[in-house]
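One structure below.
The values are calculated or read from the model by the stated rules, or taken from the named source; none is laboratory data. No experiment lies behind these values; they were computed from the predicted model shown. In this analysis, Cβ positions are derived from the backbone assuming ideal geometry, glycine residues included, and neighbour counts consider all displayed protein chains. Heavy atoms of the whole protein, side chains included, go into the accessibility calculation; ligands, DNA and RNA do not. Shrake-Rupley method; radii C 1.70, N 1.55, O 1.52, S 1.80 Å.
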Amino acid sequence: MASPEEEEEEQQEEEEESLDQLPGTVVATIISQLDVASICSVASTCKTFNACTSHILTFIPSFHLLDIAPSIDLLKPLMPPNPYLKSLKLDCARLDDSAINVFVRDSLHELYLHNCANFSGKLLSEIGGNCADLRYLYLGSVAEKRGRIHISDLEELLRGCTQLEELILMFDVPLFLRHKFAQVWALASEKLTSLEIGRVSSVMVTELLSPSLGHHRSPNHVRPPILPGIQKLCLSVDYITDPMVSTISNVLMSLTHLDLRDAPLIEPTNAYDLTNSGLQQINQHGKLKHLSLVRSQEFLITYFRRVNDLGMLLMADKCANMESICLGGFCQVTDTGFKTILHSCSSLFKLRVSYGTHLTDLVFHDISATSLSLTHVSLRWCNLLTNHAIKNLVSNTRLKILDLRDCKHLGDGALRSISTLLELKTLLLDGSDISDFGLSYLRGVINSLVSLSVRGCRRLTDKCISALFEGSSKLELQQLDLSNLPNLSDNGVLTLAKCRVPISELRMRQCPLIGDASVMALASMQVDEDRWHGCRLRLLDLYNCGGITQLSFWWLKKPYFPRLRWLGVTGSVSRDTVDALARNRPFLHVAWHAEELGSNQWDNSHGLYMHDYDEVDELEQLLEEGEYIDEEMMDVDNDAELL
């Protein structure tokens, strides 16, 4: 009689023989439809798929690997020569200039490179020299840690990428490229319709777009318009000013999307600020559909103090066709100004107002009498709003996103009104005055919610978990924020685990009663669905939770939390403990300095393929164990300690 080991080996051989009978083209066609992580997972299942995957990577059109940050040694065997590669997305946190030749390909149409802090300006020039057919380019954090960017690098990029349609440069432009910045953009592709710059001065923007006289030209020669085809412009500047807004509005005649954000270091003077006159210049050509004007308080508590209701009235006259409006920091605008916007823009579906210090319930008093059909509403830091405003607002029954963070006077009455929004996907209630009983009103919408935040709602206790989830089925919730709840304890987390809520991101920062028992409960949580088995958490934030000890770190090692990619831990944990966890899980991002976790806003659109893993993430396992389709991978060094 054969032993169990022999029977299992014989069964595996039979399965492989049956797979061998499938035509190779059929297998390759099926596997090639998966994303990179899934292809690597398939490669680990059997020898047949392993061999097939080696061939697939030579012709797949898309290579997206944002879930982990590979080193150059891990990336090389995953990216063999592939003349058919059109789209490449990478997290470059562990790469530098030496990796440029590995991923820069002349066949690329789309290139997304996140966390490029270790690269120099050479990255820009090499892309320009090798990617002539590029249509979309995103570069994040270039040269933040080493090297620098020269104006010649940007020149090579713009000269070489003649087909570029969308360009996103998410780094500090004035730090490197102030000299001749305006002149270089004359080389930009005529097909460029979308431009986003992460940090640039308002003076540089005005100089770039101003139809000034050309350099060393006769007085009668006017410089041809720069960026004539731009339809979408997103800029983060030092100051939003009247001259800059006026120049943008007059020069860019095809503009449909304008997003301006500033973060002043000092209080703006009249010459370096936005006034009613500047607002009057917006949408000169009548094509604008989306407008965002936000003053951030990142460095200084400051507002648009020179804009009032008159400015909103002047702007509204030209914004009747607006579909999306975002206004942040307009502290002098009252209900009259905001109502003017709502009643003038009949096509509006997205409204965002932050730091509306004079915004009250009266803005929404007669909103049901308008033809508006809002689907996205954000009213953050609008402290004068009460439950009555929400009662009127929900007449827009198709609301999908509702952000009411830091509206401190909202309570259970607001939740009663929100319970009628059956299409609601995202609900953010940070800092509101809601109770455990009030959350029970959400039972009617909890099955549709994808994201819920009750951070800082200090009246909530363990009972809020049962009020939300007990008795519910087919939950879609993926993101849950329970941070800064002083009365939330391990018992609440145990209830959460028993309810098998299929969350992938759980934040419980600053919860003094959360301890080791919560970590053990989450590690053992089983979520049985058609596509998932076991704990599916990808992000877990436990920063400054009072009861976390060394025991929790044992449970945070493998094979527990197989999909975990982001972890926040208390600042009191020793660095040796954190380093030990990092060695055990080299692809886990561990934060212990109070930083907020998660991908930035430009990564949210990149969905994660849903795998059905047993105990460990096969992609991570493959990269660590070196068990991959290429012999070159066998030479990769890895210090991970597998349990």
Condition broken by residue 102, with the remaining ones in (1) modelled with pLDDT of 95 or more; (2) of a type outside the set (Gly, Ala, Ser); (3) buried (at least 19 other Cβ atoms within 10 Å of the Cβ) satisfied
(3)
Sort out which residues of the range 424-437 are among the hydroxyl-bearing types (Ser, Thr, Tyr) and assigned to a loop (DSSP other than H, G, I, E, B), and write them in order of number.
432, 435
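Just the residues that are assigned to a helix (DSSP H, G or I) and either at pLDDT 75 or above or open to solvent by less than 50 Å² (accessible area, probe 1.4 Å) (or both), please, taken from the range 1-23.
16, 19 - these are the residues of the range 1-23 that are assigned to a helix (DSSP H, G or I) and either at pLDDT 75 or above or open to solvent by less than 50 Å² (accessible area, probe 1.4 Å) (or both).
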Restricted to the range 24-45 and to residues being surrounded by fewer than 17 Cβ atoms within 10 Å (Cβ to Cβ) and not small (Gly, Ala, Ser), the residue farthest from residue 77 (Cα to Cα) is 26
Could you check the range 77-110 and list, in sequence order, the residues that are assigned to a strand (DSSP E or B), out of contact with any Pro (no Cβ under 9 Å at 6 or more places or on another chain), closer than 22 Å to residue 43 by Cα and not hydrophobic (A, V, I, L, M, F, W, C)?
89
Tell me, please, whether a residue that is of a type in the set (A, V, I, L, M), more than 20 Å from residue 405 (Cα to Cα) and at pLDDT 95 or above can be found in the range 476-493.
yes
Any chance you could count how many residues in the range 344-368 are out of contact with any helix residue (DSSP H, G or I) (no Cβ under 9 Å at 6 or more places or on another chain) and assigned to a helix (DSSP H, G or I)?
0
Being open to solvent by 70 Å² or more (accessible area, probe 1.4 Å) and within 17 Å of residue 233 (Cα to Cα) is the filter; apply it to the range 251-283 and report the residue that is nearest to the chain's Cα centre (by Cα).
261
Evaluate the range 409-420: report whether one residue or more is modelled with pLDDT under 95 and assigned to a loop (DSSP other than H, G, I, E, B).
no
Report yes if residue 133 is in contact with a helix residue (DSSP H, G or I) (Cβ under 6 Å, 6 or more places away or on another chain), open to solvent by 20 Å² or more (accessible area, probe 1.4 Å) and of a type outside the set (Lys, Arg), otherwise no.
no
Quick check: is even one residue across the range 329-343 assigned to a loop (DSSP other than H, G, I, E, B), under 26 Å from the mean Cα position of the chain (by Cα) and buried (at least 16 other Cβ atoms within 10 Å of the Cβ)?
yes
Would you mention how many residues in the range 297-328 are touching a residue at least 12 places away in the same chain (Cβ under 8 Å), assigned to a loop (DSSP other than H, G, I, E, B) and open to solvent by 10 Å² or more (accessible area, probe 1.4 Å)?
13
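Where residues in the range 369-405 are assigned to a helix (DSSP H, G or I) and in contact with an Asp or Glu (Cβ under 7 Å, 6 or more places away or on another chain), which of them is surrounded by the most Cβ atoms within 10 Å (Cβ to Cβ)?
The qualifying residue surrounded by the most Cβ atoms within 10 Å (Cβ to Cβ) is 389.
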Taking the range 193-207, which residues are closer than 14 Å to residue 246 by Cβ, touching a helix residue (DSSP H, G or I) at 6+ places or on another chain (Cβ under 7 Å) and free of Cβ contacts under 8 Å to residues at least 60 places away in the same chain?
205, 206, 207
Residue match in the range 438-455 (condition: in contact with a helix residue (DSSP H, G or I) (Cβ under 8 Å, 6 or more places away or on another chain), closer than 24 Å to residue 519 by Cβ and assigned to a loop (DSSP other than H, G, I, E, B)):
yes
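Taking the condition of being open to solvent by 10 Å² or more (accessible area, probe 1.4 Å) and either assigned to a loop (DSSP other than H, G, I, E, B) or hydrophobic (A, V, I, L, M, F, W, C) (or both), how many residues in the range 58-76 meet it? Before you say what the answer is, go through the steps one by one.
So in the range 58-76, the residues open to solvent by 10 Å² or more (accessible area, probe 1.4 Å) come out as 58-59, 61-62, 64, 66-67, 69, 71-73, 76.
Pick out the ones that are also either assigned to a loop (DSSP other than H, G, I, E, B) or hydrophobic (A, V, I, L, M, F, W, C) (or both) and you get 58-59, 61, 66-67, 69, 71-72.
Residues that pass the stated criteria total 8.
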